[in-house]
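Trainee: Got a structure for you, questions after.
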Amino acid sequence: VNVKGVWLGMKHVLPRMNDGGSVIITSSVAGLIGISGMTAYNASKHATIGIMRATAQEAAPRKIRVNTVNPGTVDNRMMRSLEEGMAPGHAEAIKAEFIKGIPLGRYVQPEEVANVVLYLASDDSQFITATINVVDGGMAAY
């Protein structure tokens, strides 16, 4: 889904879009760094960045902007489930370990990612294309 879904979306949606639109691909900070034990996921998120860069060039003559948003660790139900699954009964300790790798010292909130997506979809970003928009509290700096 991470690669094929994005590629199929570009293949079938771009030709039907009005000129001047915006496409925002959800990637991940994993598309910028390598995370041990997550090779396939890392590779798939790197691929979404490649798809974005190529389609941004292809769509530019029609003034369609194509960008990625690359969240770090998001504070959501999926993350809480992962923490609990890694060490049943010790999720808070797992979370504390994850947070050690985030310079700003916390997980990103879903609303913070949404704000970046809203900006990229707005006319305020009409000259922004082919960019990687990282929302990770500095996680990719390591």
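Trainee: Quick check for you: which residues of the stretch 127-142 have the amide N under 20 Å from the point 7 Å beyond the Cα of Ile35 toward its beta carbon?
Mentor: Only 132-142 fall inside the zone, counting backbone N under 20 Å.
Trainee: How big is the convex hull of the Cα atoms of the stretch 95-142, per residue, in Å³?
Mentor: Each residue corresponds to 78 Å³ of Cα convex hull volume.
Trainee: Shifting gears a bit: If you take every residue apart from Phe98 with its C-beta less than 15 Å away from the C-beta of Phe98, what net charge results, scoring Lys and Arg +1 and Asp and Glu -1? Display every interim value, and only then the final one.
Mentor: Values: positive: Arg80, Lys95, Lys100, Arg106; negative: Asp75, Glu83, Glu84, Glu92, Glu97, Asp136.
Combined, the nearby Lys, Arg, Asp and Glu give -2.
Trainee: Please compute the Cα-Cα pair-distance distribution of the chain with 5 Å bins starting at 0, giving whole percents from short to long.
Mentor: Going from the shortest bin to the longest, the percentages are 2, 10, 17, 20, 19, 13, 9, 5, 3, 1, 0.
Trainee: Summing +1 for each Lys or Arg and -1 for each Asp or Glu, what net charge is found among the other residues whose Cβ lies under 12 Å from the Cβ of Gly21?
Mentor: On the way: positive: Arg16, Arg62, Lys63, Arg65; negative: Asp19, Asp123.
Here the count lands on +2.
Trainee: Which whole-number percentage describes the relative contact order of the chain, with Cα contacts under 8 Å and a sequence gap of 6 or more?
Mentor: Working: 206 pairs, mean separation 41.9, N = 142.
Relative contact order of the chain: 29 percent.
Trainee: So, one more: Determine the sum of side-chain charges near Ala59: Lys and Arg each +1, Asp and Glu each -1, restricted to other residues whose C-beta is under 13 angstrom from that of Ala59.
Mentor: That works out to +4.
Trainee: Can you give the calculated 222 nm mean residue ellipticity of the chain, where each DSSP H run of n ≥ 4 adds -39,500 (n - 2.57) and the sum is split over every residue, rounded to the nearest 500 deg cm²/dmol? Working shown, then result.
Mentor: Values: 5 runs with 63 residues, N = 142.
For the chain, the value works out to -14000 deg cm²/dmol.
Trainee: Moving on. How would you order 128-135, 55-62 from highest to lowest mean count of nearby Cβ atoms within 10 Å?
Mentor: Values: 128-135: 18.0, 55-62: 15.4.
In descending order of packing, they fall as 128-135, 55-62.
Trainee: Provide the FRET efficiency to the nearest 0.05 for the Arg77-Trp7 pair, computing r from the beta carbons and using R0 = 25 Å.
Mentor: Working: r = 28 Å, r/R0 = 1.12.
Between Arg77 and Trp7 the formula returns 0.35.
Just so you know, all these numbers are worked out from the coordinates, no wet-lab data involved. Note that the structure is predicted; figures quoted are calculated from it, not measured. Every residue, glycine as well, gets a Cβ built from its backbone with ideal geometry; the counts of neighbours run over all protein chains shown.
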